[in-house]
Ligand code: UTP
Ligand code: MN
């Protein structure tokens, strides 16, 4: 969909504006509003009279219908008739969203001297659904885990805007608001085609008043003023730059901003004490803010696999996170490690880390031990015991693919350096998780994402099934027992959900 703002606006009184008599030449006061009056039932002479009246008041009233028209006004026609007429004028693929309005909107605007706000009573109701015109009213289930969301998003302009507002809320620690925007974006992500008209959104779940306003703004003006002002805001820019440092969250960034720190240079000269993770994050800032490609993720997978099997031969490793959902890039590489014999995986992580360190693959690492224990009474809170795995947050030193013929490289600690000093490696964030085989299916499901899909699975489990789902286990509160599973399919079945494969969990 081309936003209205960016459409070519036909200059007034040239070419197809036809009747522009010299005495009515008034300059266009409202360039974003391009009107067309439907002659059917209105009659030619009344149409001419109303058109001239509009032009005198600075409105752009077109003689012929075209793609540049934004508002279609008719008298005594029902919405279906007007829709049908429009469909006969332009091929479906050439159609742009237009307002179908009753003459009352036009006369009120004439009286006001400007386009008045479009109210529900001004709109013509369209009931029939014409496949060619794609006047589809969408309908989707309300939990993201009931929907199939591929990476094929037909509404990126809208979802990018809502995601930015979600991010802004999260960076301001307004989590509830953040989730609301994430949910709204997720609903639009699963629609089979672009939204062109607010009417199509009727009946969709999770779209609050605020999200509606943002969508409406974009459909009508091509952009959202709230998104634009956020992007320009100094605070938002500073929060983005500072939380772009590995190890820095919203709280720390906020504290620094209040101390007058808005960028990396100010941080470096501020004398603020940084922890080890943050120092590493600052040192590798550019690399870590560069997307990781699937090829790089695979290369890291191979290195970790070599490390894992050399310390525990039958251990298995699985690529999880966004790459498992089919994403082509990500912000990190997530890998899940397990062993077919329960218990064999205990203590594996430190050995893997030592191996990687001895080969010079790690620029930074922090390992946590597994602190998960099932208790007789079940998990204490639904969200407790979520991330209690043996886990390693790390920054890898990944050798870049060297062109076959590139000369003058030498091996040093298994890492290539170019003699001329040109860097042949990049830093990549890698998240390693070890799971006992009994929890593997839950870990796999919990770490494949997307984050919103996971959140919705847990919400579904809690609200609809009285169950507690985590990355370690599923607990049935009514039966007071843990439900076992050896595959993701079994977990979906326990939850009474249709199985959704990873590639369709991109909510
Ligand atoms: P990521 O943050 O890596 O997201 O978490 P992603 O989908 O892979 O996105 P990119 O491509 O890297 O940007 C991956 C999954 O791991 C879970 C999250 O819920 C997400 O589903 N996770 C992450 C946890 O359960 N706990 C954590 O502490 C971190
Ligand atoms: Mn990831």
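Scanning region 180-213 for residues that are surrounded by 19 or more Cβ atoms within 10 Å (Cβ to Cβ), at pLDDT 95 or above and in a helix (DSSP H, G or I) gives 180, 181, 182, 183, 184, 185, 186, 187, 188, 189, 211. The set of residues in region 286-314 that are within 13 Å of ligand 1 (Cβ to nearest atom) and out of contact with any strand residue (DSSP E or B) (no Cβ under 8 Å at 6 or more places or on another chain) contains only 289.
Checked against (1) within 16 Å of ligand 2 (Cβ to nearest atom); (2) closer than 19 Å to residue 435 by Cβ; (3) out of contact with any strand residue (DSSP E or B) (no Cβ under 8 Å at 6 or more places or on another chain), residue 375 passes all but condition (1). Checking the stated criteria, residue 350 turns out not to satisfy the condition of being surrounded by fewer than 13 Cβ atoms within 10 Å (Cβ to Cβ), without any contact (Cβ under 8 Å) to a residue 24 or more places away in the chain and either more than 16 Å from ligand 1 (Cβ to nearest atom) or in a helix (DSSP H, G or I) (or both).
Only residues that are on the phi < 0 side of the Ramachandran plot, touching a strand residue (DSSP E or B) at 6+ places or on another chain (Cβ under 8 Å) and either within 13 Å of ligand 1 (Cβ to nearest atom) or not in a loop (DSSP other than H, G, I, E, B) (or both) were counted in region 315-343, giving 20.
Rundown of residues vs (1) free of Cβ contacts under 8 Å to residues at least 24 places away in the same chain; (2) surrounded by fewer than 16 Cβ atoms within 10 Å (Cβ to Cβ), yes/no style:
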{"site": "61", "(1), (2)": "no, no"}
{"site": "70", "(1), (2)": "no, no"}
{"site": "76", "(1), (2)": "no, yes"}
{"site": "82", "(1), (2)": "no, no"}
{"site": "88", "(1), (2)": "yes, yes"}
{"site": "96", "(1), (2)": "no, no"}
{"site": "103", "(1), (2)": "no, no"}
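The single condition from (1) at pLDDT 95 or above; (2) out of contact with any strand residue (DSSP E or B) (no Cβ under 9 Å at 6 or more places or on another chain) that residue 51 fails is (2).
If the condition is being within 16 Å of ligand 2 (Cβ to nearest atom) and exposed (fewer than 15 other Cβ atoms within 10 Å of the Cβ), then region 332-347 contributes no residue at all.
For region 430-443, which positions are surrounded by fewer than 21 Cβ atoms within 10 Å (Cβ to Cβ) and within 15 Å of ligand 2 (Cβ to nearest atom)? Residue satisfying the conditions is 431 alone. Exactly one residue out of 311, 346 is on the phi < 0 side of the Ramachandran plot and at pLDDT below 95: that is 346.
The values are calculated or read from the model by the stated rules, or taken from the named source; none is laboratory data. This one's a predicted model, so the numbers in the text were calculated from it and none came from an experiment. Cβ coordinates were reconstructed from backbone atoms using ideal geometry, including for glycine residues, and neighbour counts include every protein chain displayed.
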